[in-house]
Structure formats: structure tokens, C-alpha cells
Amino acid sequence: MSGRVVVVGGGLAAGTVVTQLREGGHDGSITVFTEEPRPPYERPPLSKDLLLGTGTEEKALVQQADWYAENDVDLRIGTAVTSLDLAAREVVAGADRTPYDHLVLATGSRPRHLRLADESGAPVVYLRTLEDSRRIKSALTAGSRIGIVGGGWIGLEVASAARNADAEVTLVESLDQPLLRVLGPEVSTIFAELHREHGVDLRLGASLTGLSRDGDRGVLEVAGADPVPCDLVVVGIGIEPVTELASAAGLTVDNGIRTDERLRTSSRDVYAAGDVANADHPVLGRPVRVEHWDTAIQHGKVVARNILGEEAKAEALPYFFTDQYDLGMEYVGSPGPDGYDRVVVRGHRVGDRVFTAWWLRDGRVVAGMHANDWDAISDVRRIVGAEVDGDRLADEKVPLSEFGAE
């Protein structure tokens, strides 16, 4: 309860660890290092509320700036950690060395870059920071043209916000549907229809052959189509965990920092949390790295409880949500590397986007979601992981209450 805790990171996982430690009675020193010029903050608003103009930057903060001083937390903003000395149990930031009894690595992820875009000289942005969100927001005006490369969650949420501002949108995706690898054709088609109905120019199964600058604008060049001039190009082709500190220090790294089910790394009293943690999952029975909001919160809570002397496990199922136009959805579970062999969609009708969807493998539900059916989330959480008869699950006359453990 009185050990020295050092947290490296400026996102939701870092902010949650610190909050939970103080609320749980930890009275030792806490030091937080974040490279960004502000306290830890949540990232989902960057592509949602902030772009839509329905949220504020202050609301995105995990805690207001004065909370840290009031709770005796040494918050070092704009400070990069340069190395970890695991033998001496110290965190090195330039000439400064800060000792720890417990170290938490919540270094998060960075956007994957597209060399073609980086070398083009065109106005290109990757969405990861508040500054990135501000730049995109400033470009979302009536009549402006936004180019988006990548049909994942970030690309679709930016497209939704842009159309909400009456900007013109062209989205280029190499796969035949947006979110195809995540949702499968049965559900990804619904998202494609949604965006087309709202005026997005979806270029699916498309090959981006070039990106150039023309004055202050960028020009997207797509195989077999006319060039598309854009006031701003947003590239959203995924993220990768920031593991350089961990790797250089000798921690085990494999698609993130590897941890056990309690989020402990290969070094005593060093934890990893959030995007960067590839953690043994006690329910799913395999390592899982999740890049979503809820996992950052749950990991933060688990790490804090373990530092406080409990034996907590990161056993919550992966969860995420999105809001696009009039469609809001929540998704629970993870098909993992083995994927799924069947998708069941219940309730979807042409023009009606109130439905549930289920991903099955060998008769077991590995993931589930609802769209605009907010009362169904308890069913989704209960049924994911259960063995079911797929044909009965597909029969809409059979209520969802008959599936899963009570």
C-alpha cells in the first residue's frame, strides 16, 4: 500500500491505474510519465464526440489536471521515458532516474503508416492524438472533400462525422467490404449500405495506386478511376503496439508486451495494460491483445488491484462500441486466430437496423453484437462463450433468453 509506483503512458489505462490506486488506499508515491502535453485522456472521443462537436477535450480527460496535484500524483507531462533499468528498478527519462517498486507500462499503440502517403507531400493525417482530431475537425466543413484510406472503425467513424458536417467523402478500401475481416460479409455489408445511404463514395476492392499533392490539396489515385482531389486525407489502416522500451529492457514481447492473466510481465513487479498488453486470457484460454476502450479500463483496474495486494485476473471479455449516423452498436467477444465458421443475424430487415449478430465456431458463440437494440446487451454478454444449436439461434421465434447460462 505504500510502495513507489511509476506509470508510463498517457491514455485511459494509465489514468485508470492511478485513479484506482488512490481510491483503493495506496498512500505511496505515484509518478506518471506521458509524452503528450496534457494529463491522460480517453481516445474514443477523438473519432466520435470531438469530431461530431458533441464533446469537449476536457471531458476526454480521465481526471482534470488539478486532480493529480490534489491526490499527490507526480504528473510529468511532455516527458519521454528513454529506457527502463530493470536491474536497478528505475525508469530513465534523460538524466532523471525514478525508482519504482511497481512499474506499469501503458505505452499504447501508434498508427500504422502508409509510405505512399508519407512521401506524397499531401495533407495527410493519422488519428491518434488530440492534435490529430483537431486537425480533422477543422477540415470537416460543408463542401470540403475528405479522402479516407482504410475501411476499419476509424475510417468509418471519420466518414460518419464528415458527412454529418456535409463534407464530401471518398473512402478507399482494398477489401470487398469495410470491416470484412472483423464482421464477415453478412454484417459488413450492412455497414457498407449504411455509408452509401449517407452519401459516402465507397471505393471497395480498390487499389490505391498513388497519392500526390496539387497546391494545398491531396489527390487520391485509384486504379481504374478518375483521380480524387481532397482537402485532407485521413489514413486509418490499423495500429501497432509501442513496445520499444519493453523490448530494449529485455521484457518478453510478442504482438505487444506479453503478460500473464494478472497482467504481470516477464519481470517482477512490472505490469502492462491497455493496447500494448498481449495478456493470457483466463476465459478465452489464449493470449489476447485488445485495442479498445473497455479493455483499457478493465486492465487499469486489474493492475491497481494487484498492486494493492489482491490476486485479480483480467478476465473480462473484449468489448467495444461504435456510433455511426443512426446506428449504435456494442460488440462482445473475440473469434481470435481460429476465426468463426458461421454468422447468424437475427432481426435485420431492409431499411431496419435493429438486429443482433452472432459469430460461431464449432457450435460455440465466440462473439456477439447488437445494433440499436440496447436491451439486448445483457443477452449478448450472457450468450458469448456458450454452446448453442446454430439453427435454433437463427430461428427468431426462439427468444434469446433460452440461450446461454443463467
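In this simple spin-label approximation, residue 349 and residue 166 carry label points 7 Å from Cα along the Cα→Cβ vector, and these lie 3.4 nm apart.
Helices in the chain, meaning DSSP H runs of at least 4 residues, each add -39500 (n - 2.57). Divided by all residues, the mean residue ellipticity at 222 nm is -7000 deg cm²/dmol.
Beyond 23 Å, the tail of the calculated P(r) for the stretch 129-259 holds 40 percent of the Cα pairs.
Our note on the geometry: Cα centres of the stretch 352-387 and the stretch 206-285, 27 Å apart.
Two decimals is fine: what is log10 I(q)/I(0) at q = 0.08 Å⁻¹ for the chain, from a Debye sum with one equal scatterer on every Cα and no solvent? The computed values of log10 I(q)/I(0) come out as -0.47.
For the chain, which longest stretch is free of loop sites, where a loop site is one of the trypsin sites (Lys or Arg not before Pro) that DSSP puts outside H, G, I, E and B and that has at most 14 other Cβ atoms within 10 Å? Counting only loop sites that pass the neighbour cut-off, the longest clear stretch is 113-267. Cα centroid separation, the stretch 137-182 to the stretch 1-76: 30 Å. One way to sum up the overall shape of the stretch 256-308 is the equivalent ellipsoid from its Cα gyration tensor, whose semi-axes run 15, 13, 10 Å, largest first.
Cβ-to-Cβ counts within 10 Å put 239, 257, 383 in ascending order as 239, 383, 257, the fewest first. Dividing the mean sequence gap of close Cα pairs (under 8 Å, 6+ apart) by how many residues the chain holds gives a relative contact order of 14 percent.
Every number in this text was worked out from the coordinates using simple rules, so none of it is lab data. None of the values given here were measured: they were computed from a predicted structure. Cβ sites come from the backbone with ideal geometry, for glycine too, and all protein chains shown count toward neighbours.
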